[in-house]
Amino acid sequence: MTGTRDARVVAGNGRRFVVETADGARFTCLTATRDVQAVCGDQVKVDGTDDPRIVSVSPRRSLFSKADGRGRAVPAAANLDQVFMVLAPVPGPELFLMDKYLAAIDGMKIAAGIVLNKMDLVDEDDDGGLGRRLAYLGSLGYPVYRTDTRGGAGLESFAAALKGHDSMLVGQSGVGKSSLLNALVPSADHRIDELSAATDEGRHTTTSTTLHPLPGGGALVDSPGVRDLELVVRDPTDIGPLFRDIHAISRDCRFANCLHLQEPGCAVKEAVEKEKLPRSRYTSYKWLMTTMQQAKDRKFD
Ligand code: GDP
Ligand code: ZN
């Protein structure tokens, strides 16, 4: 039989993929040539039945990248609508990571949201300022959900936010991403076993990014290897716009190209002094600027 079929990549690991057609048929395939580069979530055309091959990838509405061991951005999932940064009181959230993740997701032009999981462990009277920070991030337009995967609180409203969209969870190890996945996708464990058997060829740990259809429509994409989110920026001046608060305040800086470091008349630095911008947000911004600038200035010696 000839003729191409439309399918979606539901698991991928470099060059071996599992695709699913609209009628639910699922099979393993490779890409036809090196030029065809697919990732989980891609809409593709598949040719052949005995040895099916991905022959083309449809234009993507978004591309989510993660960092490899050397800090380079590697495409991991296509066509995501939203990415949720998962936090927990234990292990405690790192402010710099939170700010960097949110900036990175904004940089990928994907809607970012926040999930505070293990809400059962939050001590309302002594949360170290976490509640205040989440309210602040909420005011910047990041939706905030609170969940407890053990007791079940908050799962229903988070599930409603996922419904009909393709989403992904990112965050430090131990915050409860797998627990959330299992709570929201009843058959997730089974599916991971099955898909990783097809793509990982006998490896013991799952490295494949996998797409799990949600009961009410939409999907949750799970990427076990999300070590870090790389900022997709070509120039340090691209970082300011990724901090929504800093970007808004920067309209009042004296210079349009102000980097908010040493420039006179900087509204951002003034906002920090007047406690209108949390100092830690500015510190995160400065750290990112410094690392980007150093990477850019590095020359062969
Ligand atoms: P991951 O590394 O982000 O995938 O985190 P896991 O899902 O493996 O969870 C790490 C640990 O936190 C496990 O021991 C879970 O049982 C526990 N955990 C997950 N969700 C909750 C929660 O809502 N409340 C509490 N108290 N523990 C949780
Ligand atoms: Zn400035």
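The values are calculated or read from the model by the stated rules, or taken from the named source; none is laboratory data. In this text, all values refer to a predicted model and were calculated from it rather than measured experimentally. In this analysis, Cβ positions are derived from the backbone assuming ideal geometry, glycine residues included, and neighbour counts consider all displayed protein chains.
Is it the case that Leu220 is modelled with pLDDT of 95 or more, within 15 Å of ligand 1 (Cβ to nearest atom) and either more than 30 Å from Leu116 (Cβ to Cβ) or not in a helix (DSSP H, G or I) (or both)? Spelling it out, Leu220 is indeed modelled with pLDDT of 95 or more, within 15 Å of ligand 1 (Cβ to nearest atom) and either more than 30 Å from Leu116 (Cβ to Cβ) or not in a helix (DSSP H, G or I) (or both).
Report, by residue number, each residue of region 111-130 that is of a type in the set (A, V, I, L, M, F, W, C) and in a loop (DSSP other than H, G, I, E, B). Result: Val122, single match. Out of all the residues in region 95-110, is one or more in a strand (DSSP E or B) and touching a residue at least 12 places away in the same chain (Cβ under 8 Å)? Among the residues of region 95-110, not one is in a strand (DSSP E or B) and touching a residue at least 12 places away in the same chain (Cβ under 8 Å), which makes the answer no.
Checking Ser250 against (1) buried (at least 17 other Cβ atoms within 10 Å of the Cβ); (2) part of a loop (DSSP other than H, G, I, E, B), only one condition comes out false. Which one? For Ser250, the failing item is (2). Among the residues here, Gly138 qualifies as surrounded by fewer than 14 Cβ atoms within 10 Å (Cβ to Cβ) and part of a helix (DSSP H, G or I). Sub-7 Å Cβ pairs linking a first residue in region 157-181 that is of a type in the set (Asp, Glu) to a second residue that is at pLDDT 95 or above and near ligand 1 (Cβ under 6 Å from one of its atoms), at least 6 apart or interchain, number zero. All told, Leu259 falls short of being of a type in the set (A, V, I, L, M, F, W, C) and touching a Ser or Thr at 6+ places or on another chain (Cβ under 6 Å). Taking region 139-159 as the range and being touching a strand residue (DSSP E or B) at 6+ places or on another chain (Cβ under 9 Å) and more than 21 Å from Leu80 (Cα to Cα) as the test, the residues that pass are Arg146, Thr147, Ala153, Gly154. Within region 159-194, being closer than 17 Å to Val122 by Cβ and surrounded by fewer than 21 Cβ atoms within 10 Å (Cβ to Cβ) holds for Gln172, Gly174, Ser179. Filtering region 120-135 to residues that are among the hydrophobic types (A, V, I, L, M, F, W, C), within 15 Å of ligand 1 (Cβ to nearest atom) and surrounded by fewer than 14 Cβ atoms within 10 Å (Cβ to Cβ) leaves only Leu121. Looking across region 138-190, the residues that are over 13 Å from Asn117 (Cβ atoms), more than 17 Å from the chain's Cα centre (by Cα) and within 16 Å of ligand 1 (Cβ to nearest atom) come down to Glu156, Ser157, Ala159, Val185, Pro186, Ala188, Asp189.
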